[in-house]
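The values are calculated or read from the model by the stated rules, or taken from the named source; none is laboratory data. All figures in this text were calculated on a predicted structure; none of them were measured in a lab. Ideal geometry is used to build each Cβ from the backbone, glycine not excepted, and the neighbour counts take in all protein chains shown.
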Amino acid sequence: MSELLAVLFGVAGGVVGGLLGVGGGILFVPALVIFLDESQLGAEATSLLAIIPVAAVGTWRQHRYGNVRLDEGLAIGVLSVVGVAAGVVVANTVSERLLELLFAALLIVVAARLVHRALQPREQ
Amino acid sequence: MIVPLLILWFGYGERLATGTSLAAILVIAALAAPAQGLYGNVDVVKGLLVGIPAVGGVVVGTALQQRLSERAVSLLFALLLIVIAVELIL
């Protein structure tokens, strides 16, 4: 039963991933923790593996739809990996709770800007 | 965070931003998953149990996106960010 729920969360994570251009980890991680008895760390690491086929097939589909700038995507990916390595150093010098709150604030600001921009008149 | 970065700072349209973001995520996951695997943190069977069905989901999700306006994609993305922010605060 819990395996079936994990599969359903996997499908749902894939739909969100394809729809919004994310990996699907937002649903993979809770599925791994709740239904497959993974620790938080193990779930986050394991979700990276689940993201590989999602991102590969998602990129392929979006490429077919004409929605991928492959060179820029690959460059951003490599730069992100460098950024993550630098972020780990910073993260170890600040309290985890402060980081959570700062990141939450950043997300809210970005969400507000997306909404503001989406509600502007534009040519489609 | 790649999608809003591409939209707000690089002037990408929503569809182009989400498609290009998936290519970037592929690089990140393909490098990070083996690195985590070396530390023994990756459970391959559980990862595939979630990841293989997700491939069906992503085909549906990308097809669904082509039927939505770019504005709707932006608003849905903003909703996703708010959900994550609330999760972080709680």
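Quick notes on this one:
- Scanning the stretch B:34-44 turns up no residue that is outside any loop (DSSP other than H, G, I, E, B) and crowded, with 23+ Cβ neighbours inside 10 Å.
- Qualifying residue in the stretch A:98-108 (condition: more than 10 Å from chain B (Cβ to nearest Cβ) and either modelled with pLDDT under 85 or more than 19 Å from the chain's Cα centre (by Cα) (or both)): yes
- Tabulated pairs, the stretch B:77-88, first touching a residue at least 60 places away in the same chain (Cβ under 8 Å), second among the polar types (S, T, N, Q), C-beta under 9 angstrom, 6+ apart or interchain: B:77/B:18
- Residue B:73 touching a residue at least 40 places away in the same chain (Cβ under 8 Å) and either within 17 Å of residue B:16 (Cβ to Cβ) or not in a helix (DSSP H, G or I) (or both): yes
- Meets criteria (under 29 Å from residue A:102 (Cα atoms), in a helix (DSSP H, G or I) and over 17 Å from the mean Cα position of the chain (by Cα)) for residue B:15: no
- Residue within the stretch A:56-65 that is in contact (Cβ under 8 Å) with a residue 40 or more places away in the chain, under 15 Å from the mean Cα position of the chain (by Cα), at the interface with another protein chain (Cβ under 7 Å from one of its Cβ atoms) and closer than 22 Å to residue B:44 by Cβ present: yes
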